[in-house]
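Heads up: the structure comes next, in structure tokens.
Please treat every number below as a calculation from the coordinates, not as lab data. On a predicted model such as this, the values are computed, not experimentally measured, just so you know. Here the Cβ is made from the backbone with ideal geometry for all residues, glycine too, and neighbour counts use every protein chain on show.
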Amino acid sequence: MAEHAEHPAYPVGLRLSGRRVVVVGGGQVAQRRLPALIAAGADIVLVSPSAKASVEAMAESGEIRWERRRYEEGDLAGAWYVLVASSDPVANATASAEAERHRVWCVRSDDAEAATAWTPATGRSEGLTVAVLTGRDPRRSAAVRDAIVEGLRDGTLAAPHHRTRTPGVALVGGGPGDPDLITVRGRRLLSEADVVIADRLGPRDLLDELPPHVEVIDAAKIPYGRAMAQEAINDALIEHAKAGKAVVRLKGGDPFVFGRGMEEVHALAAVGIPCVVVPGISSSISVPGAAGIPVTHRGVAHEFTVVSGHVAPDDARSLVDWAALARLRGTLVLLMAVDKIGAIAGALVAHGKSPDTPVALVQEGTTATQRRVDATLATVAEAVKTHDVRPPAVIVIGEVVALD
């Protein structure tokens, strides 16, 4: 191989499912390489007098067969691929020579120039395998591999499906507002979308990154302003999915935390449209955290309760047991409650909650315009007016607010 070292290696993907693969040596190299060979479905035989505990566990679980001895001539009979990685130079050279005679591709961990194959730096993302070879510079290979895989996972590097893409809808939780807080899966699906139906509270900055051909539909539900009826949103999802488009429904927070996500799932299921739900980081925990408030804390709060405040306590439509909430000693997190906070605070105090209970209002949490206003149950209604607190805002009630 050495005399041909100036020529680049020819890249190829080996289909090893059900085919005999021999690994010589049970040390660190085997520990790192075996999982990928197992995932490839190879019929793996390990030849080694000893092995690391994790490698031994693979044998005990039946994922590989282990011959507890040194390498012997003939061990490569019927093999399609061999990984030589023992600490015995003589065994390594002998196994390599046998592989050469039988024309079995052989990787040498101790001597790359003596090998007939090299192992690339490999990464995977959603069914896509990335393999990078840079000759004698494995660190560079790994760095390039990591950059590509990270880009694929976070959506900054687009690799959309063409032959195998299935039209449908993805309900993606966009997180609390900061575009960096969307999940990597959500960002990837967004980068592959043909149509995006977006809420106002979704991470709007991500829309700027979409290619020009992507149709963006505004489904904003702006308080006290125009709103796209839920039925119209459902109809739009169905229409575009039936047209063969990849549709992303981009929602703020998590689709199933006061996001009406299940209504959309039911509407799609009723007409047979496939739908995947991608959870998002809920503002109920992320926004308090961004403002320096833990919703739980040892010795202070052992539970937290998340409540929608869009309906006042005295409204006949309310499903909340405010009396029970007032008796709890933990943290109360209110969403969509800015305009009802006076009535809510009054109900909690009326049911026994101390008027001095700390309250924090965090407006536009995790974004560049985030601000925090502190008050108590007795003063929070006035604080909203004085400081002109507007939605979206998360309200936190409890002793955790006072933690420094």
Value at 222 nm in deg cm²/dmol, rounded to 500, when DSSP H runs of n ≥ 4 in the chain each add -39,500 (n - 2.57): -8000 deg cm²/dmol
Dipole magnitude (debye, nearest 20) for the chain, charges at Cβ of Lys, Arg, Asp, Glu: 420 debye
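By counting other Cβ atoms within 10 Å of each Cβ, how are 58, 262 ranked from fewest to most? If you can, show how the numbers build up before the last one.
Values: 58 23, 262 12.
Ascending Cβ contact count within 10 Å gives the list 262, 58.
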J(HN,Hα) series, the stretch 187-203, from Karplus relation 6.51 cos²θ - 1.76 cosθ + 1.60, nearest Hz, glycine and proline x: 5, 5, 4, 5, 5, 9, 6, 8, 9, 10, 9, 10, 7, 5, 8, x, x
Cross-link partners of residue 340 among lysines (Cα-Cα below 24 Å; sequence separation of 8 or more within a chain): 221, 251, 353, 385
q = 0.15, 0.21, 0.24, 0.25 Å⁻¹: log10 I(q)/I(0) that the Debye formula gives for the stretch 273-335, counting C-alpha atoms only: -0.62, -0.94, -1.05, -1.09
Estimated FRET transfer efficiency (residue 129, residue 70; beta-carbon r; R0 35 Å; 0.05): 0.55
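How long are the semi-axes of the equivalent ellipsoid of the stretch 1-78, defined as square roots of 5 times the Cα gyration tensor eigenvalues? Whole Å, largest first. List each step's numbers first, then the result.
Numbers: eigenvalues 116, 49, 34 Å².
Equivalent ellipsoid semi-axes, largest first: 24, 16, 13 Å.
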Other-chain or far-sequence residues with amide H under 5 Å of residue 174's (modelled H): 251, 252, 253
Efficiency of FRET between residue 242 and residue 216 - r from beta-carbon atoms, R0 22 angstrom, step 0.05: 0.70
Positive-end residue of 395, 211, 49, charge dipole of the chain with Cβ unit charges: 49
Proximal charge balance of residue 330 [Cβ under 13 Å; K/R count +1, D/E count -1]: +2
Most fluctuating residue given options 114, 243, 39, as computed from a GNM of the chain linking Cα atoms under 10 Å: 39
Fewest-first ranking of 403, 335, using other Cβ atoms within 10 Å as the exposure measure: 403, 335
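Give the order of 10, 81 when sorted by the count of other beta carbons within 10 angstrom, beginning with the fewest.
With the fewest neighbours first, 10, 81 line up as 10, 81.
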Cα centroid of the stretch 177-223 to Cα centroid of the stretch 98-134, whole Å: 40 Å
Whole-angstrom gap from the stretch 53-96 to the stretch 242-285, using each part's C-alpha centre: 49 Å
Diffusion constant of the stretch 168-281 at 37 °C, which comes from Stokes-Einstein with the Kirkwood Cα-pair radius and 0.692 mPa s, µm²/s: 240 µm²/s
Within straight-line cross-link reach of residue 245, aspartates and glutamates at Cα separation under 18 Å, skipping those fewer than 8 residues along the same chain: 192, 194, 215, 218, 235, 264
